[in-house]
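Take a look at the structure below.
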């Protein structure tokens, strides 16, 4: 079961990191627009479209990755003080009552938007360049599918935590700077303690 959880985490991670490269496209497009507009007085007709399409795709497809890393915003002032089993019970309740219904509604509505957009080969209305928008709208139900899959993994994680009393291992690839600094200080303190 744990291998399946880590596989789902890995898949969410791969998708999130693959779409993360869009940040370079966003940066290059925006930089080019700034230079063209202010240095050459020749603004582009496509920069705004490229910026919201790339950012939108990045934002959508990073959701499952963030969920896999337990990185979504949470008011954990009280939550972190609870025992792991209580945390898992609350999380399980919230996934069943709020998360899955919201994501399924997102997929349902998103499917309709994506279908209509593909049927009409929808183009951007914000510029005369006519940038296609339908690929971005097609990502809405795809995002929902990845969120549901990762949500199932999180529910299984909650059930395992309730049974075992501790959270099962999850993949980690990015740490906050404060966490890294605290870990370094713990290691130094342990090394200093061993020398005395």
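The values are calculated or read from the model by the stated rules, or taken from the named source; none is laboratory data. This is a predicted model, so every value here is computed, not measured. Ideal geometry is used to build each Cβ from the backbone, glycine not excepted, and the neighbour counts take in all protein chains shown.
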Restricting attention to the stretch 95-146, the residues that are assigned to a loop (DSSP other than H, G, I, E, B) and either in contact with a helix residue (DSSP H, G or I) (Cβ under 8 Å, 6 or more places away or on another chain) or modelled with pLDDT of 95 or more (or both) number exactly 8
Of those in the stretch 158-188 that are assigned to a helix (DSSP H, G or I) and in contact with a helix residue (DSSP H, G or I) (Cβ under 6 Å, 6 or more places away or on another chain), the residue surrounded by the most Cβ atoms within 10 Å (Cβ to Cβ) is 158
**Request:** Considering every residue within the stretch 107-123, establish whether at least one is in contact (Cβ under 8 Å) with a residue 12 or more places away in the chain, under 20 Å from residue 9 (Cβ atoms) and either surrounded by 19 or more Cβ atoms within 10 Å (Cβ to Cβ) or touching a strand residue (DSSP E or B) at 6+ places or on another chain (Cβ under 8 Å) (or both).
**Result:** no
Of all helices (runs of 4 or more DSSP H) fully inside the stretch 1-86, the set with 1 or more residues that are modelled with pLDDT of 90 or more and over 22 Å from the mean Cα position of the chain (by Cα) is 22-38
Quiz item: touching a residue at least 24 places away in the same chain (Cβ under 8 Å), closer than 19 Å to residue 170 by Cβ and out of contact with any helix residue (DSSP H, G or I) (no Cβ under 7 Å at 6 or more places or on another chain), is that true of residue 74?
Solution: no
Hey, does the stretch 179-195 have a residue that's within 16 Å of the chain's Cα centre (by Cα) and either modelled with pLDDT of 90 or more or at negative phi (or both)?
no
Counting only residues that are free of Cβ contacts under 8 Å to residues at least 12 places away in the same chain and either crowded, with 16+ Cβ neighbours inside 10 Å or farther than 27 Å from residue 136 by Cα (or both), the stretch 1-41 contains a total of 5
